[in-house]
Amino acid sequence: KRYNIEIKEREQSPEEIAAASEKDSLGALVVWAQKWLKDQLHNTDEGKAIGLSYFKNRGFRDETLEKYDIGYCPEGWEVMTTAALEAGYTKERLIATGLGKEKSSDGKLFDFFHGRVMFPIRDVTGRVIGFGGRTLKTDKKIAKYFNSPESPLYNKSKALYGIHLAKNAITKEDSCFLVEGYTDVMAMHQSGVENVVASSGTAL
């Protein structure tokens, strides 16, 4: 009113309202998952023996793991999906976010990321939108990294790992380093180079 600017508002369609509601529901699930996975890394024997020791051996400090909210998804195929269902999240949304997959044999859910250390992927505002998971097994038949599938939350070609922590340094330096992996971002950030991000897999 002060500057005589008229804002033309339009009502959202029922489809748009439903899509926004679904996105919020998926967002709530990935936030729950991030906290649960982080707890598994720091407060379970398996998480500490396998996940935490991996990062310690690679020279990552506690404050770096905390800054990136690193987690661990236990072995056991259905540990996380069972916990999510008990927490009130639905099978459909576990599948939509890629946290759970259906077995072709019987349609039961299993943990897509089981046995992997977990890297939450955030948007520029810091909101969790997906995950990257790295196996610590040496079996060459197993893909080293898995990423969350495309969803209303997560678009691989628009997501950059670490952007929420790097944005201020990118603005200040007027430059940005694009590296290959999640741990590359963490290592450079830990070494004082903060204007660094990684793309999601091959999605450049």
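Before moving on, here are some points about what is shown:
- Hits in the range 110-130 - residues which are of a type in the set (D, E, K, R) and either crowded, with 17+ Cβ neighbours inside 10 Å or closer than 12 Å to Leu160 by Cα (or both): Asp111, Arg116, Arg122, Asp123
Residues checked against (1) outside any helix (DSSP H, G or I); (2) closer than 23 Å to Asn155 by Cα; (3) open to solvent by 20 Å² or more (accessible area, probe 1.4 Å); (4) touching a Cys at 6+ places or on another chain (Cβ under 7 Å):
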| position | (1), (2), (3), (4) |
| --- | --- |
| Ala19 | no, yes, yes, no |
| Val30 | no, yes, no, no |
| Gln34 | no, yes, no, no |
| His42 | no, no, yes, no |
| Gly47 | no, no, no, no |
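- For the range 142-152, the condition holds for at least one residue, the condition being that it is in contact with a Lys or Arg (Cβ under 6 Å, 6 or more places away or on another chain), among the aromatic types (Phe, Trp, Tyr) and open to solvent by 30 Å² or more (accessible area, probe 1.4 Å).
- Conditions (1) under 21 Å from the mean Cα position of the chain (by Cα); (2) at pLDDT 90 or above; (3) loosely packed, with under 13 Cβ neighbours inside 10 Å: number failed by Tyr161: (3)
- Checking each residue in the range 87-123 for being aliphatic (A, V, I, L, M), outside any loop (DSSP other than H, G, I, E, B) and under 19 Å from Lys156 (Cβ atoms) picks out Ile95, Ala96, Met118, Ile121.
- Hits in the range 55-66 (condition: open to solvent by 40 Å² or more (accessible area, probe 1.4 Å) and closer than 30 Å to Ser151 by Cα): Glu66
- Long-range neighbours under 9 Å by Cβ, at least six apart or interchain, first residue on the phi > 0 side of the Ramachandran plot within the range 161-178, second open to solvent by less than 50 Å² (accessible area, probe 1.4 Å) and part of a helix (DSSP H, G or I): Gly162/Tyr182; Gly162/Val185; Gly162/Met186; Gly162/His189
- Pairs linking a residue in the range 1-18 that is among the hydroxyl-bearing types (Ser, Thr, Tyr) to a residue that is modelled with pLDDT of 85 or more, with Cβ atoms under 8 Å and 6 or more positions apart or on different chains, do not occur.
- Residue within the range 6-23 that is of a type in the set (A, V, I, L, M) and in contact with a Leu (Cβ under 7 Å, 6 or more places away or on another chain) present: no
- Gly107 open to solvent by less than 10 Å² (accessible area, probe 1.4 Å) and on the phi > 0 side of the Ramachandran plot: no
- In the condition set (1) under 24 Å from Asp139 (Cα atoms); (2) open to solvent by less than 100 Å² (accessible area, probe 1.4 Å), Ser25 is compliant with all but (1).
- Within the range 110-135, the residues that satisfy the criterion of being of a type in the set (Gly, Ala, Ser) and in contact (Cβ under 8 Å) with a residue 40 or more places away in the chain are Gly115, Gly130, Gly132, Gly133.
- Some residue of the range 168-178 being within 19 Å of Leu52 (Cα to Cα) and of a type outside the set (Lys, Arg): no
- Scan of the range 67-98 for residues that are of a type in the set (A, V, I, L, M) and open to solvent by 40 Å² or more (accessible area, probe 1.4 Å), ordered by number: Val79, Leu85, Ala87, Ile95
The values are calculated or read from the model by the stated rules, or taken from the named source; none is laboratory data. Because the structure is predicted, anything quoted here is derived from the model rather than measured. As a convention, Cβ positions derive from the backbone with ideal geometry for all residues, glycine included, and neighbour counts pool all protein chains shown. We work out accessible area using only protein heavy atoms, side chains counted, and drop any ligands, DNA or RNA first. Shrake-Rupley method; radii C 1.70, N 1.55, O 1.52, S 1.80 Å.
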